[in-house]
Amino acid sequence: MSGSSKETDEQLKRNINDQLDRLVKQLADLEEYRLELDDDEYAEMKKDTIEQLQEFSQTLTKITSGNMTLVDDFSAMRMAVQAAISEAFKTPEIIALFARKQPATLRLRLEELNRDYKIRKVGEQIYFDRKLEILTALKKLNDHLSTEEEEFLTKNSTASMADFQLVASDAASGDKMLNFVNKSLAK
């Protein structure tokens, strides 16, 4: 690959990462300021964000079907976008770490979560939901899960997590991904 082509690929990756960061921040801001918005404003803003995520997913599908040098990086991003759209992942931070393929940082976040739960800094439901998200992300990143972690996933996976795992296991199939997005949005 020529130097110019590598530079173009790197610029494309930076631009796509910036777009993903913007959408994840938009989701985080929506959740952070939810109580300050009336229900109609929140619903409309969330709908707009989901539509932007869907468009972003379609763009990633087109890109990954063409340039094989970028497929691995963009497939991970595409799966993260799918998780956000399907609401399998509700925590923007976890979506971002998954998209950037950062299992070590996810492990660190899991340790922090366990500590926060033990000292009662987070409630049981938040702990449960985030642990499930982190373990699902780690599994999709092919990080080794302990027997206890595998059992937790098996016992507690939600329908949206199961749908996400089914689709994410075949990340090369853009049509299957888009069908999943449309199914998720119809809920």
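Each value in this text was obtained by applying a stated rule to the coordinates, not by laboratory testing. Values in this document were obtained by computation on a predicted structure and should not be read as measured data. Reconstructed Cβ throughout: ideal geometry from the backbone, glycine too, with neighbour counts over all protein chains shown.
Any of LYS47/LYS131; LYS6/LYS62; LYS25/LYS47; LYS46/LYS131; LYS101/LYS131; LYS13/LYS131 with alpha carbons more than 22 Å apart? Name them for me.
Pairs exceeding 22 Å: LYS47/LYS131; LYS46/LYS131; LYS13/LYS131.
Treating r as the C-beta distance of ASN15 and ILE126 and R0 as 30 Å, the FRET efficiency rounds to 0.35. Spacing of the modelled spin labels on GLU51 and GLU7, each 7 Å from Cα toward Cβ, amounts to 3.8 nm. Which parts of the range 96-140 would a label at ALA28 reach, counting a residue when its backbone N lies under 11 Å from a point 7 Å out along Cα-to-Cβ? What the label zone holds, given the 11 Å backbone N cut-off, is 96-97.
Modelled this way, with points 7 Å down the Cα-to-C-beta line, the labels at ALA104 and LEU141 are 1.1 nm from one another.
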